[in-house]
């Protein structure tokens, strides 16, 4: 970790990230509402390598709430649910929670000591890999940085020889997806590469997932547009 935002167990000095990213009532955070952010099954199936050790070792594989138990299914894209007291099957939960922000010692929604990730060394490696490939228009220039991250977790090297730049960008998004998911990068990655609309449709469908041109940009303040006639 190169830079993160510190959380404390002291009142009004903690963070809410454990509640935001952990299932409600599971004892993995400070309690309260919980479970706001989770991984969509289609993101897992189509946008990352779900067998990558970085994904498999950073998700909640099993948990319990007040009455039910949840166990990761064989596809790693949801949970098999059962009644804890009887063991009776109770359907499936089609989402997966990350374990990156678990803080079982938190006592309230806002007393988590879990820090918010801002930038990790892995992100720097992947940024450099992207920059080197884009500058040279040759994916091979990115191979050392990408494979350094894969080697650290025992994953096979990625072969970039002869790969087109379009295929490289897709591969890079998969690497960033599995390495940095739930760390606040995805929106910026998809908009930077101009595929926000495409990827949203893949996960959410053609209607709900559709995005407009305006979704690629932050709003420009009125004071700026009023002062500059060149800004439409």
task = For a footprinting-style exposure proxy, rank 223, 36 by other Cβ within 10 Å, fewest first.
result = 223, 36
inquiry  = Order these by the 10 Å Cβ neighbour count, fewest first: 86, 108.
reply    = 86, 108
Cβ crowding within 10 Å averaged over residues, with 88-99, 178-189, 210-221 ranked highest first = 178-189, 88-99, 210-221
query = Which residue, 82, 29, 136, has the most motion in a Gaussian network model of the chain that connects Cα atoms within less than 10 Å?
reply = 136
task = Quote the FRET efficiency, to the nearest 0.05, computed for residue 207 versus residue 136 with a Förster distance R0 of 41 Å and r equal to the Cβ-Cβ distance.
result = 0.55
message = Sort 146-156, 46-56 by packing, meaning the average of other beta carbons within 10 Å per residue, with the highest value first.
response = 46-56, 146-156
query = Can you give the angle from 0 to 90° between the axis of helix 143-152 and the longest principal axis of the chain, with both taken from C-alpha atoms, to the nearest 10?
reply = 10
task = Would you mind checking the tilt of helix 121-136 against the longest principal axis of the Cα atoms of the chain, expressed as 0 to 90 degrees and rounded to 10?
result = 30
remark   = Taking a ≥ b ≥ c as the square roots of the eigenvalues of the Cα gyration tensor, with a/c under 1.5 meaning rounded and otherwise prolate when a/b exceeds b/c and oblate if not, the range 118-216 is prolate
inquiry  = So I have (1) 0.94; (2) 1.15; (3) 1.02, and one of them is Rg/Rh (Cα atoms, Kirkwood Rh) calculated from this model. Which one is it?
reply    = (3)
note = Two pseudo-spin positions, 7 Å from Cα along C-beta at residue 83 and at residue 1, lie apart in nanometres by 4.2
remark   = Between residue 10 and residue 118, Cβ-based FRET efficiency (R0 22 Å, step 0.05) works out to 0.55
query = Taking a ≥ b ≥ c as the square roots of the eigenvalues of the Cα gyration tensor of the range 1-130, is the shape rounded (a/c under 1.5), prolate (a/b larger than b/c) or oblate?
reply = oblate
request  = For a footprinting-style exposure proxy, rank 116, 33 by other Cβ within 10 Å, fewest first.
outcome  = 33, 116
ask   = If you average the sequence gap of Cα pairs under 8 Å that are 6 or more apart and divide by the length of the range 76-194, what percent do you get for the contact order?
value = 17
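Read-outs throughout are calculated quantities, based only on the coordinates presented, and are distinct from any laboratory measurement. Everything numeric here is computed off the predicted structure, so don't read it as measured data. Neighbour counts run over all protein chains shown; Cβ positions are idealised from the backbone, glycine included.
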